[in-house]
Every structure is written in structure tokens, then in C-alpha cells.
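One structure below.
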Amino acid sequence: MLRLVSFALFLATWWIAALFVGGPKLPSPTAVLNVMLAEAASGALFLHLGATLARVILAFVLAMSLGSAIGYLMGRNRLADKLGDPWLILLLNLPALVVIVLAYIWAGLTEAAAIAAIAINKLPTAVVTLREGTRALDSALDEMATVFAIPRWRAFRHVVLPQLAPYIAAAARSGLSLVWKIVLVAELLGRPNGVGFEIGVAFQLFDTPRLLAYSLTFAAVVLVIETTLVQPFEARTTRWRPRAA
Amino acid sequence: MRLEIDIKAKAFKNAAGETQDVLAPVQFSLRDGEVGVLVGPSGCGKSTMLRIILGLDPDFEGAIVRPPEARIGMVFQEPRLLPWRSVEQNVRLAAPDVSDTKLAELFKILELEAHRSHFPGELSLGLARRVALARAFAVEPDILVLDEPLASLDDALAARLREEIATLVASRPVLTLLVTHSIDDAVRLGDRLFFLSPRPARIVAEVPIHIPRAARGDAEISAIKAGLNRRAERDVS
């Protein structure tokens, strides 16, 4: 309910601002909605959204699985941590733009280059979060598993993974928001479709209604995925915890 | 089944880089069905010794001999339950092959039937210790290790849990190593008591108790304790 009120407030503010500013710079909500409907009717909206979503999913899965594995290794193994740490610091501080441009220069304007560039941008935050999670693992529980001779994989699944789950959820949460942002830049710079590409075109034509139509649809999709997938996963991983009052 | 402990030395390096001996030479062995009790003051090195015996700390001089296939059941001082698994799931993780009948029997002895589906966060320390006991017995251990299983419980609760441990040991005799600082627990549960010195720990006295556990009433316990006191006074003088 509160969410709806806050959303209605936003729309009202936008409407009033559009009335004052007017013109092509800030179109009214209805003008944007009309563009959205037209793009949806032609199928273009879904095509571009689909392309962007596919890139997000691929890059996200790639970065999360690789990042979690590396983070776990660095958290468990001192040598791996020492070897990996400088690279981690470098990647963490490297601007997304540099990675994307270099990927396109070295691998061409290809799908693989775009996805790799997005994944590389997300990778270090997943590594850092999972490394922290691994360092925070309870060694007393590890010892329990060793003493009771619980097989390695079973212990990993039932003793280690549940302890890492909140960290994985946190990495997924922050990682997804990072990927949402970077994917558009990668598309703007070197892909022939996707929301980022459309925003680039709209920018060149100074077509604000179109720009807003794509951006807002994209934001809506992000919101839906966050509330229907990420938040329930987070809640599931922590359901055994006593609830805060 | 036989457990042979022959620790020659164990040392730690402190913050200043100096080597500190935690354990002096310690040598004893336990047979199948025998309950050995390590009694010593807090901080004397009992936990270090346990970690070595359990194979968690390979960094010592000496040897621990036990059959490699020996199953170990352990009750840690802090129960070490997985907070995201229910009581029953905690037990089944360590003992995946335990039968429903066996589990029901254990839960009955330990009065855990009502708590099967509870999570550890919902349990008191006394209940959590019982779950840890159920887990240790559910694996049908060849070697049972109990590390201060009655510490920080009030007297009444400790007495009840002690009875339950005695019942479990009687129902399935197993080589047991109990670590405690309580003479009372040692005398009520043990077959052989090993008294440890302050750090670096060594065995200062080994006392067998010949009265069967089931026959140890309050009078017998007092007599054994009086005997131990006389012995201690004699050793001092």
C-alpha cells in the first residue's frame, strides 16, 4: 500500500514538472506511456528487453558462479588469497568503461565480448563478498563435520553452503544492480540491439519520450525481478533466524 | 576396540614467539565399553588433548592409535548444532543411516520427542546438549567423546542429564572418554579416572572405580570421594 502511495506521488510530481517544463525535454507520463504502447505493439520493446535480459542473465550467472568459486578459494586458502588479492584490487577499481572498451577492441564487437565485459565488472564484488563469507565460516561446525566423518560434499552442502547463503544473496543483490547498470553501457557502445542500444539511438535523435519509455520499462522489469526472485531467495536463506521484533 | 594415547609433547608459540608447553607426556589407553574420565582444572590443556585425540590437531609429538574405521560420536562443550536444521535434521545429518525406531528410542530417553522439528535457536542450553547427545549416540559410535557435557547447567538439570548419559551408556556399552572438571561427574560416570595437573598437563593419578555404575548410590559415591580426598592429602604430604 505504502509502495503504491509513493509511486503515485512520483507520478504526480512528474506530471506537474512536465506541465511547468513542457516541450520535448520532459514529456508527460501519458506521452511516455503512448511510446511504450506503440513500441510494445510493434514488438520492438520486447525484442530489445529480451536481448538485454539474456545478456544480464548470462553475465550474472557467469560472474556469480566464477566469483563465488574464486571467493571461496581465496577465503579458504592463504596462498590463493595472496596471489589473487592484487588482481582483485585492480579489478575493483577499474572503471567499467575501460573494461568494456578494451573487451570490444580485443574481442571485436561481439556478443561474447559484451557478456565477458559485463561479467568481469561484476566478478570482483562477488569475489570480495564470498571471501568475507568464507572467512566468517564457523570453524567449530567444520570440526563437528570432521569428527562425525560427514562426507565432504554433504558437509559442503549442509554445513558450509547455508552459512554462505546470506553472502551469496548479498552478492546477488548488489551484483544484479551493478549488472543492470553496466549492461546498458555495453549495449550502447557495441551492440545492435537491447535497451542500451535503443537509449543510444534516442539520445542521438534527442527523443526523450522514447528514452524514458525504454528506461522506465527496463526499471520496471528490474523491480519485478528483485521483488519476485531476489528478495524471496534472501528470505528463504535466512528463515531459520529468529525474526527481529 | 581400543584407544591408545601416547602424547609425548605439545607446544604452542605465544605472541612473543616463545614456545610454551601445553601438554607434558601423557600416556593411557581405554578398552571397549570402558568409561575413562579426564579430570583437571580449567585451562590445563584438556581441550587441546581432546583435539589431538580426535585427529583435529595433527601438530604434536607422539601417536594416537585407534582403528581407522572407528566411528566417533562426540558431544562438544558448546553443542555445535546447525541452526538452520531442525533437531531431527541435525541428528540425521551426522547419522544418515539411523533407523526411525532407534531415533524414536533416543528421543524418548532424552525427552526430545516434543522438540523434533524445533530449530536450535528455540532450545535452551540443556535441550541443545540433549540433541548433541542424541546425535552422538545416533551414529552408534565405537568411541564416544564427551567434552564437559554438563558444564553451565544448573544442578538439577545436570543431575538429570547425567542420569540420561548413564542410561545411554548402559544401553549400549561403548569406549567413552569423558572430560570434566567435576569430581562428582567423574565418580558417578567413570570406570577409570585420570587426574591431570595444571598446564602443562600430565596425569598425576589414575584411579580405577570397581563398583559397577548401576550400584553407585549416594553412599558409595561419598565413600569413593572420601577415598579420593584421603589419597590427595597423602599425595600432598
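Every number in this text was worked out from the coordinates using simple rules, so none of it is lab data. Source: prediction; values computed, not measured. When we count neighbours, we look across all protein chains shown, and the Cβ atoms used for this are built from the backbone with ideal geometry, even at glycine.
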For chain A, the Cα convex hull volume per residue in Å³ comes to 167 Å³
Springs between alpha-carbon pairs under 10 angstrom, Gaussian network model over chain A: which of A:VAL21, A:VAL160, A:VAL183 fluctuates most? A:VAL21
Net charge contributed by nearby residues that have their C-beta within less than 14 Å of B:PRO41 (K/R +1, D/E -1): +2
How would B:ARG129, A:ARG78 line up from fewest to most surrounding beta-carbon atoms within 10 angstrom? A:ARG78, B:ARG129
Listed with the fewest Cβ neighbours within 10 Å leading, A:GLU187, B:GLU148, B:GLU164, B:GLU206 appear as B:GLU206, B:GLU164, B:GLU148, A:GLU187
Sequence order, segment B:189-194: Karplus ³J(HN,Hα) from phi using 6.51 cos²θ - 1.76 cosθ + 1.60, θ = phi - 60°, Hz rounded, Gly and Pro as x, gives 10, x, 9, 9, 10, 10
For the protein assembly as shown, the Kirkwood Rh over every pair of distinct alpha carbons, in Å, works out to 27.5 Å
Give me the mean projected area, in nm² to one decimal, of the convex hull enclosing the Cα positions of chain B. 14.3 nm²
Descending Cα extents along the principal axes, segment B:81-141, whole Å: 25, 21, 18
Gyration tensor (Cα only) of segment A:39-153 to equivalent ellipsoid, semi-axes in Å sorted down, yields 36, 20, 10
How large are Rg and Dmax for segment B:47-111 when only the alpha carbon atoms are used, in Å? 15.1, 43
Let me know the charge dipole size of the protein assembly as shown about its Cα centre in debye, to the nearest 20, where only the beta-carbon of Lys, Arg (+1) and Asp, Glu (-1) is charged. 500 debye
So how far, in whole Å, is the C-alpha centre of segment A:169-245 from the one of segment A:74-143? 20 Å
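How shielded is A:148-157 by partner chains, expressed as the average number of their Cβ atoms within 10 Å of its Cβ atoms?
3
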Round to the nearest 0.05 the FRET efficiency obtained for A:THR238 and B:SER29 when R0 = 51 Å and r is the Cβ-Cβ distance. 0.60
Between B:VAL91, B:VAL169, B:VAL204, where does the largest GNM mean-square fluctuation fall for chain B, given springs only between Cα atoms within less than 10 Å? B:VAL204
For chain A, which DSSP H helices look membrane-span-like by this rule: Cα extent along the axis of 30 Å or more and mean Kyte-Doolittle of at least 0.5? A:44-76, A:111-135, A:161-190
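To the nearest 500 deg cm²/dmol, what mean residue ellipticity at 222 nm is calculated for the protein assembly as shown from DSSP H runs of n ≥ 4 alone, each contributing -39,500 (n - 2.57), summed and divided by the residues?
Dividing the helical sum by the residues of the protein assembly as shown leaves -19000 deg cm²/dmol.
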Of every Cα-Cα pair in segment B:145-192, the percent that sits beyond 17 Å: 23 percent
Just to be sure I understand: with springs between alpha-carbon atoms less than 10 Å apart, which residue in B:LEU56, B:LEU189, B:LEU175 has the highest mean-square fluctuation in the Gaussian network model of chain B? B:LEU56
Relative to chain B, whose Cα atoms define the longest principal axis, helix B:100-109 and its Cα axis are tilted in degrees, nearest 10, by 60 degrees
When B:ARG2, B:ARG172 are arranged by how many other beta-carbons sit within 10 Å of their Cβ, fewest first, they go B:ARG172, B:ARG2
For segment B:1-61, what is the Kirkwood hydrodynamic radius in Å, using each pair of distinct C-alpha atoms? 12.8 Å
